[in-house]
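Peer 1: Shown below is the structure under consideration.
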Amino acid sequence: MAFPVTTPQQRAQALAKATAARKARSTLLSDIRTGQRDPATVLAQADTDEIIKRTKVTALIRAVPGIGTVKATRLLEQLSIPATRRIGGLGPSQRQALLDALT
């Protein structure tokens, strides 16, 4: 399948949108690292916020202070959540299990 033909203006708009999304996601994870935002409130807002929906669960877990790559991987395996899953793709029981594990 070929890529659609886009104008330079459309490419610039898409680039600006992607840059804004990356910056917002970076700010979200930074706020979790510094304790300004709680993972519980982030998971509660996942239904309405597109940035949170598209954030990977692994990135969210690793942003929690005291949890690194190894602990995050073990936690995901323990909860049977694939490493590539995004927050918006979690079911209600998976969100609750993740919340219980993080608190």
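The values are calculated or read from the model by the stated rules, or taken from the named source; none is laboratory data. Computed from a predicted structure; not experimentally measured. Counting neighbours? That spans all protein chains shown, and the Cβs are built from the backbone with ideal geometry, glycine included. Accessible surface areas use protein heavy atoms only, side chains included; no ligands, DNA or RNA. Shrake-Rupley method; radii C 1.70, N 1.55, O 1.52, S 1.80 Å.
Peer 1: Is there any pair with a first residue in region 7-36 that is within 25 Å of Leu60 (Cβ to Cβ) and a second that is part of a loop (DSSP other than H, G, I, E, B) and open to solvent by 60 Å² or more (accessible area, probe 1.4 Å) whose Cβ atoms are under 8 Å apart and which are 6 or more apart or on different chains, and what are they?
Peer 2: The qualifying pairs are Ala21/Arg54; Arg25/Arg54; Leu28/Arg37; Asp31/Arg37; Ile32/Asp38; Arg33/Pro65; Gly35/Pro65.
Peer 1: Checking the conditions here, which among Lys23, Lys17 is at pLDDT 95 or above, more than 21 Å from Ser93 (Cβ to Cβ) and surrounded by 11 or more Cβ atoms within 10 Å (Cβ to Cβ)?
Peer 2: None of the others qualify; the one that does is Lys23.
Peer 1: If only one of Ala83, Ala44, Ala72, Ala40 is surrounded by 15 or more Cβ atoms within 10 Å (Cβ to Cβ) and hydrophobic (A, V, I, L, M, F, W, C), which one is it?
Peer 2: So the residue among Ala83, Ala44, Ala72, Ala40 that is surrounded by 15 or more Cβ atoms within 10 Å (Cβ to Cβ) and hydrophobic (A, V, I, L, M, F, W, C) is Ala72.
Peer 1: Only one of these conditions is not met by Arg85: (1) under 10 Å from the mean Cα position of the chain (by Cα); (2) of a type in the set (Lys, Arg); (3) farther than 13 Å from Leu98 by Cα. Which number is it?
Peer 2: For Arg85, the failing item is (3).
Peer 1: Determine if region 49-69 includes at least one residue that is out of contact with any Cys (no Cβ under 6 Å at 6 or more places or on another chain), exposed (fewer than 15 other Cβ atoms within 10 Å of the Cβ) and among the hydrophobic types (A, V, I, L, M, F, W, C).
Peer 2: No; the residues of region 49-69 include none that is out of contact with any Cys (no Cβ under 6 Å at 6 or more places or on another chain), exposed (fewer than 15 other Cβ atoms within 10 Å of the Cβ) and among the hydrophobic types (A, V, I, L, M, F, W, C).
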